[in-house]
Amino acid sequence: MSQAELNNPLIRSETDKLVDSGMFSQPSHARGQGSLESWQREHDDVSNTIRRVLFTLLAYSVFCIISLGTDDATVLSNRTSINLPVVSTTVNYGTFLTLGPVGLIGIFIYLHIFVDQWLKLGRPKGGCPLPYLFNISNTLARFISAFLFYWLGPLILFMFAWKAAF
């Protein structure tokens, strides 16, 4: 494309505009503008956020597993309600089967926004990431991290679908 075409607002896509605005920019060290200290700071921030969101996902998943473990006779009585521990309220089981997956998908997407940023940061020579499970290069740690990042959410969604169908 010529320079005139790049500046034409009718030709440029919305994605190009977002990239130019810096919304989808690469980390500073990937562009060669940052130092090891800036990488360390960015990596630590992203790692801490992933850790917090991952614990939220784990806690929500355990709550969902316990709630989905309710026996069918109790569920069919239509008087079943679930106590939500954080907000101290009760919710109808049918509402939980509808809104539970929405919350799980929201947490899962939020986690993957930061996992994507973490993967873009990579690991330069001399960098020392925080000692969280997903930063350890051991095979077992990578396997557990892959399960938590990529399989826990779909597994819980399958449990919701199974409980709703049967």
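The table below lists the values:
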item	result
Estimated FRET transfer efficiency (Lys120, Thr98; beta-carbon r; R0 41 Å; 0.05)	0.70
Simple spin-label estimate for Glu37 and Phe55 in nanometres, 7 Å along Cα-Cβ	2.9
Rounded accessible area per residue of the range 110-166, 1.4 Å, Å²	66
Probe 1.4 Å - accessible area at Phe158, Å² to nearest ten	120
Cut-off under 5 Å, modelled amide H: who pairs with Asn92 long-range	Ile82
Whole-Hz couplings from phi, Karplus 6.51/-1.76/1.60, listed for the range 91-99; x for Gly and Pro	10, 4, 4, x, 5, 4, 5, 8, 8
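The values are calculated or read from the model by the stated rules, or taken from the named source; none is laboratory data. All figures in this text were calculated on a predicted structure; none of them were measured in a lab. FYI the Cβ positions are ideal-geometry reconstructions off the backbone, even for glycines, and counts take in every protein chain you see. Accessible surface areas use protein heavy atoms only, side chains included; no ligands, DNA or RNA. Shrake-Rupley method; radii C 1.70, N 1.55, O 1.52, S 1.80 Å.
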